[in-house]
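The values are calculated or read from the model by the stated rules, or taken from the named source; none is laboratory data. Here the structure is a predicted model, which means the values were calculated and not measured. Cβ placement follows ideal geometry from the backbone for every residue including glycine, while neighbour counts extend to all protein chains displayed. When the accessible area is computed, the model is the full protein with side chains, heavy atoms only, and any ligands, DNA or RNA have been set aside. Shrake-Rupley method; radii C 1.70, N 1.55, O 1.52, S 1.80 Å.
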Amino acid sequence: MTDKKAWDLSRRELMKMGLALGAGSALGGVLPGSARAQQLTMDWWWWGEQELPGLQKVVDGAVAAYKEATIKPMLQDTAVVISQFQTAAAAGNAPDIQYLWNGIYHMESVWFGYLRGLKELVKPEILTASTPTALSNFGGDTYRVGWYPLPMMWIYNKKLFEQAKLDPNAPPKTWEELLTACEALKTAGIEPLGGGIQDGYWSEWYISHSLPQNLDTIGEAVELFIGDKDFRDPKYHEHWTKLEELKTKGYLNADMSSLELYPGIDLVPAGKLAMGQSIGTRLPADLKTANGEVGVMTMPVFGKGKLAGIPLLDVQGLGISSNAEDPKAAAAFLEFLNAPEQLKAFWDATGWIPSNTTFDTSVITDATVRSMWETWGLGKNISNVTNVMPGQFYERAAIPTGQQIVQGSMTGEQAGELAAATAKEWREFNPDLVENYQKWVVDLSAG
Amino acid sequence: MNRTSRLTPYLYVAPLVLLMAFVFGYPLVRIFEFSFKMVRGIDGPWIGLRNYQLVLGQDLFWESVLHNLQLLLAIPVMVVVSLFVAILLYERVAGWKLYRIIVFVPFVLAIPIIAVVMKRMFQFSGPVNEVLRWLSLDFMALDWIGSSEVALWTVMILIIWRESALGIILFLARMMSLDESVIEAAKLEGANWWQRARYIILPQMRGVIEFFVVVSTITMLSAVFAYVYVIGGGRGGPGTATVVVEFYIFNALIRTSLPGIASAASVMLFLVSVLLIFPLFRARRRAALDEATR
């Protein structure tokens, strides 16, 4: 039962409280920034615990350590990371800081005017060191600060290579070498290549590695969608023809169509599959599973484009919404996340590298992981081309083509036709976005 | 009756009507409105029937409709399976009360749970194929969820297994209300199991069977999303082999940021569902009538 008396305030007491509040507000104007900022509250919507366990700890630690403002974090559900932000932004209620996937997954929000350019807000050296990638650039500005990197690579099982009498320290570099290695593995009774494509992501990753092989810039990929280039040109569907070749020669694992991405990757460290696509965040655990017998490689080269054979680096990032009450304060928090002690805390909590080229790599004890990061993260790298794909193309062409080729119901050439038809369909459905894509080509071709 | 008293009943129900209008009517109106707009974010310019033209001109939409129609093939199977099991239980075989609970379990479990389990079972190297290979039936060890030709049938198997549970319970409940003396008399007259089912039980079940068929039709057309989402790897795959209209709408709205397109497809699905509601009401009336005239 509520004690009513406890809530009864006399007029005098009310006046006292009013005076105290008024004095507090007035003092706020003359107190130093650090004391005043306690009153500033910023919302931070984030995602990533799902793909990088330990990130929750990073977030909690950063929020607790930050004294310039109160940060209210909220972990988003995977299905609504974009739609929740866009809906809130359209209603003027977006969080101050928003987690952003790369490329089109945040660029659409840029075009809608939901995100702020960061060049004027974040210190240039921090912005550059965080490696937001070229896909965050539009109209001369940059819209994300990098948070954590996702190097994309092929992995192989060294023991299985040895069993097939292949050099475990010299993975294939060219397509011909790959076919030779696959044949040797197959002859030795080992499934040479593949993974799991049932949930479609393997299709996407395959395009990430293979389509750039015949491109000179990422902007050239965008030209395929806006109609300046055509997927029916053999050069632009050669990657699917190569996948068809792997299928027809029997080099892909038999259960590939019914396995999902991650169980498919598991086959390589488990010694059941010789080669597959993977991602850097998995490498420490896979090395542990396979007692260090996992090697990393770039996709063997078949193409003649300038991007062929260059390591692939995707980066997840953070941005500032147009609704941010105090964009400078939001930028200060993003800079705080890139401070050396926060980068170290990131490593301690996740066992993974934060996206910052100034991160002290001496803490990485595993030689394979360090070498991978030096090559993929600190060396010359390219962005993930599938991140410039319109969603409609991704769902209708990028995913189904790979699945159908792997199950043997589509050729590489047919995949090119489907891709061209889907790109045309996308242009009809989204005449407004085509215009923005045309402008984006300028930034992407420069990068 | 004066004017005030005539209005009184309406005033009593008005708050609920307004609440219903807000909860169901407002979203419906917005969906109709969005279907005529090129929505970006939360609104967009009016474009007339363009969204409908784009949807109806897209192969994927018609492929989705075809998959929904294919799923209708499951209904006769569900009816037969449900009737068969219900009659067996009605005959009160030993342990029938326990069986009754067991057969209803699939319907109680959430679809994603049973779909995930089923998906593991039907993997190419999964338990189903392992058993088939062990029995030297290799030719039957198909790529159940990885082949475009088979995946939709796998979804159908799962739907039949789960949705039949509802049929069994509905049919059994109806049978329990039948006049047992007639069935006993038939037994005494020497009618066998099939004759009793065919000439005594089934004719009295018409109303409830119609009801189940209509409910199942609505399910197949507009409530199979969870099945295809899980079995199709969240993509309606392999390829587009398990994309149904609901999934098409989900993709348009969530994955490709096309609320206008999603709304146009939703409006069409809604109108088809509304058309099916009339036979549903008729079937319910008939079932109630059967019950009353028994």
Could you list, in sequence order, the residues of segment A:355-368 that are buried (at least 20 other Cβ atoms within 10 Å of the Cβ) and either over 30 Å from B:Gly234 (Cβ atoms) or without any contact (Cβ under 8 Å) to a residue 24 or more places away in the chain (or both)?
A:Asn356, A:Phe359, A:Ile364
Options A:Asp255, A:Asp228, A:Asp216; residue that is within 13 Å of chain B (Cβ to nearest Cβ) and modelled with pLDDT of 95 or more:
A:Asp255
Residue that is farthest from B:Ser148 (Cα to Cα) [pool: residues in segment A:271-286 that are away from every other protein chain (no Cβ under 13 Å) and open to solvent by 30 Å² or more (accessible area, probe 1.4 Å)]
A:Pro284
Scanning segment B:247-265 residue by residue, the ones that are open to solvent by 30 Å² or more (accessible area, probe 1.4 Å) and not aliphatic (A, V, I, L, M) total 3
Scan segment A:183-192 residue by residue and report those that are more than 14 Å from every other protein chain (Cβ to nearest Cβ) and either of a type outside the set (A, V, I, L, M, F, W, C) or surrounded by fewer than 24 Cβ atoms within 10 Å (Cβ to Cβ) (or both).
A:Glu183, A:Ala184, A:Lys186, A:Thr187, A:Ala188, A:Gly189, A:Ile190, A:Pro192
Determine, yes or no, whether A:Ser203 is of a type in the set (Ser, Thr, Tyr) and within 14 Å of chain B (Cβ to nearest Cβ).
yes
Give segment A:378-397 a look and list any residue that's open to solvent by less than 10 Å² (accessible area, probe 1.4 Å), out of contact with any Gly (no Cβ under 8 Å at 6 or more places or on another chain) and either small (Gly, Ala, Ser) or away from chain B (no Cβ under 14 Å) (or both), or say none.
A:Val385, A:Ala397
Considering B:Ala191, B:Ala173, B:Ala186, B:Ala197, which residue is open to solvent by less than 50 Å² (accessible area, probe 1.4 Å) and either within 14 Å of chain A (Cβ to nearest Cβ) or closer than 16 Å to B:Ser82 by Cα (or both)?
B:Ala197
Do you know which residues across segment B:122-157 are in a helix (DSSP H, G or I), in contact (Cβ under 8 Å) with a residue 40 or more places away in the chain and within 11 Å of chain A (Cβ to nearest Cβ)?
B:Ala151, B:Thr154
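Yes/no per residue for (1) open to solvent by less than 10 Å² (accessible area, probe 1.4 Å); (2) part of a loop (DSSP other than H, G, I, E, B):
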site: A:Val81; (1), (2): yes, no
site: A:Ser109; (1), (2): yes, no
site: A:Val122; (1), (2): yes, yes
site: A:Pro132; (1), (2): no, yes
For A:Ala6, the lone unmet condition from (1) open to solvent by 40 Å² or more (accessible area, probe 1.4 Å); (2) among the hydrophobic types (A, V, I, L, M, F, W, C); (3) at pLDDT 70 or above is (3)
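Per-residue answers, yes or no, for (1) within 13 Å of chain A (Cβ to nearest Cβ); (2) under 22 Å from the mean Cα position of the chain (by Cα):
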{"site": "B:Ser181", "(1), (2)": "no, no"}
{"site": "B:Leu202", "(1), (2)": "no, no"}
{"site": "B:Met205", "(1), (2)": "no, yes"}
{"site": "B:Leu221", "(1), (2)": "no, yes"}
{"site": "B:Val230", "(1), (2)": "yes, yes"}
{"site": "B:Thr240", "(1), (2)": "yes, yes"}
{"site": "B:Val243", "(1), (2)": "yes, yes"}
Those residues of segment A:253-266 which are open to solvent by less than 50 Å² (accessible area, probe 1.4 Å), touching an Asp or Glu at 6+ places or on another chain (Cβ under 8 Å) and hydrophobic (A, V, I, L, M, F, W, C) amount to A:Leu261, A:Ile265
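Give segment B:90-109 a look and list any residue that's open to solvent by 50 Å² or more (accessible area, probe 1.4 Å) and in a loop (DSSP other than H, G, I, E, B), or say none.
Across segment B:90-109, the qualifying residues are B:Glu91, B:Arg92, B:Val93, B:Ala94, B:Leu109.
A quick yes/no check of all residues on (1) open to solvent by 60 Å² or more (accessible area, probe 1.4 Å); (2) in contact with a His (Cβ under 8 Å, 6 or more places away or on another chain); (3) free of Cβ contacts under 8 Å to residues at least 40 places away in the same chain; (4) farther than 21 Å from B:Leu271 by Cβ:
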position: B:Pro15; (1), (2), (3), (4): yes, no, yes, yes
position: B:Val23; (1), (2), (3), (4): yes, no, yes, no
position: B:Gly41; (1), (2), (3), (4): no, no, yes, yes
position: B:Tyr52; (1), (2), (3), (4): no, no, no, no
position: B:Trp62; (1), (2), (3), (4): yes, no, yes, no
Which one of these is within 13 Å of another protein chain (Cβ to nearest Cβ), without any contact (Cβ under 8 Å) to a residue 24 or more places away in the chain and in contact with a helix residue (DSSP H, G or I) (Cβ under 8 Å, 6 or more places away or on another chain): A:Ser109, A:Ser83?
A:Ser83
Name the helices (runs of 4 or more DSSP H) wholly inside segment A:398-447 in which the number of residues that are of a type in the set (Lys, Arg) and in contact with a helix residue (DSSP H, G or I) (Cβ under 8 Å, 6 or more places away or on another chain) is 1 or more.
A:412-429
Residues that are closer than 24 Å to A:Phe112 by Cα and more than 20 Å from the chain's Cα centre (by Cα): which helices (runs of 4 or more DSSP H) entirely in segment B:9-89 hold 3 or more of them?
B:26-34, B:50-56
Among residues of segment A:19-42 being open to solvent by less than 60 Å² (accessible area, probe 1.4 Å) and at pLDDT 90 or above, the residue nearest to A:Met74 (Cα to Cα) is A:Met42
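If you take the residues in segment A:419-436 that are touching a residue at least 60 places away in the same chain (Cβ under 8 Å), out of contact with any Phe, Trp or Tyr (no Cβ under 6 Å at 6 or more places or on another chain) and buried (at least 16 other Cβ atoms within 10 Å of the Cβ), which one is nearest to the other protein chains (Cβ to nearest Cβ)?
A:Leu433
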